[in-house]
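One structure below.
Every number in this text was worked out from the coordinates using simple rules, so none of it is lab data. Not measured: the values here are computed from a predicted model. Positions of Cβ are backbone-derived with ideal geometry, glycine not excepted, and every protein chain shown enters the neighbour counts.
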Amino acid sequence: MMGGPDTHDSSVERMTPVVRRLILLRHGQTEYNAASRMQGQLDTELSALGVQQAATAGAVLARRAPRLIISSDLTRARDTAVALADRCGLTVTTDTRLRETHLGDWQGMTHLEVDEAMPGARGQWRDDAHWRPPNGESRVDVAARSVPLVAELVEGLPDWGRGPDADTPVVLVAHGGAIAALTAGLLDLPVRNWPVFGGLANTSWVQLSGHGDTPTWRLDVWNASAEVADAGVQ
């Protein structure tokens, strides 16, 4: 008889495609969000509603049994990450590369105040991923600092996407603008197409799948909601 069980099992594992699951979760609501005020890298806290949103999202995503949770170091993201980690028995690691886009002179201003000071600028910012607010970052800048983090995770987690726990995701907790930039960067979209991604609601998430040893990333889900996931559950 040719080959034993170990030979067969290792052969099957080698033939099984590698698919890495990556979830990008936006933080819960802040008072700045509620007031349509630009946060950028200002370190704001979750509102009472944001705390509830983080708990709801944590309950849903904990069912996915994340293998690792990394968060922006800004309080609103870190506290959202902890709400998930506490349900999973994990510890949150923070990384400054997941911070929100630095909005420069716009930070702390409401949308209306920005529109009064620089008419048409917010539209230009939305439509051109190379455009920077005064003294701030572009989405291209944000992708340049955040995409390498994912590359490091691929390199440092050799069993990610393999074996019996292949579907367990890595979760990155960040911010709407940062998630859009990171998603576009991982998908290697032409920069002119980056504005196709609409806004991401508080505590909604994106899922990408990285296929192959050197992953080609594909978008599975955009703007998934814990409230929708729990619809009908009492």
**Asked** If you put +1 on each Lys and Arg Cβ and -1 on each Asp and Glu Cβ, how big is the dipole of the chain around its Cα centre, in Debye rounded to 20?
**Response** 240
**Prompt:** Hey, if you drop one equal point scatterer on each alpha-carbon of the chain and run the Debye formula without solvent, what base-10 log of I(q)/I(0) do you get at q = 0.11, 0.14, 0.15 Å⁻¹?
**Reply:** -0.57, -0.89, -1.00
**Request:** Select from R21, R145, R192 the residue whose mean-square fluctuation is largest in a Gaussian network model of the chain (Cα-Cα springs shorter than 10 Å).
**Result:** R192
**Request:** With r as the distance between the Cβ atoms of D167 and T214 and R0 = 22 Å, compute the FRET efficiency 1/(1 + (r/R0)^6) and round to 0.05.
**Result:** 0.65
**Fill in**
Rg from C-alpha atoms of region 57-173, normalised by the globular rule of thumb 2.2 N^0.38 Å, equals 1.31
**Prompt:** Once the Cα atoms of helix 75-88 and of the chain are each reduced to a long axis, what angle between those two axes, in degrees from 0 to 90 to the nearest 10, is obtained?
**Reply:** 30
**Prompt:** Tilt of helix 139-156 relative to the longest C-alpha principal axis of the chain, in degrees (0 to 90, nearest 10)?
**Reply:** 20
**Item:** Positive-end residue of A35, G156, W205, charge dipole of the chain with Cβ unit charges
**Value:** W205
**Request:** With a cut-off of 20 Å, note down the residues of region 162-197 whose backbone N falls inside the zone around a label point 7 Å from the Cα of H111 toward its beta carbon.
**Result:** 175-181, 195-197
**Complete:** Rounded to the nearest 10, the angle in degrees between the Cα long axis of helix 5-15 and the longest principal axis of the Cα atoms of the chain comes to 30
**Message:** Which one, Q52, Q207, Q124, has the greatest fluctuation when you compute a Gaussian network model over the chain with C-alpha springs under 10 angstrom?
**Reply:** Q124
**Item:** Projected label distance in nm at A59 and T93, using a 7 Å step from Cα toward the beta-carbon
**Value:** 3.0
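For region 115-234, what is the convex hull volume of its Cα atoms per residue in Å³? Intermediate results must be reported in sequence, preceding the final value.
Working: hull volume 16.2 nm³, N = 120.
Hull volume over Cα atoms, normalised by residue count, gives 135 Å³.
Quick one: compute the contact order of the chain, relative version, from alpha carbon pairs under 8 angstrom and 6+ residues apart, as a percent.
Details: 433 pairs, mean separation 70.7, N = 234.
After rounding, I find 30 percent.
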**Asked** Quick one: what Rg and Dmax do you get for region 104-166 from the alpha carbons, in Å?
**Response** 18.3, 56
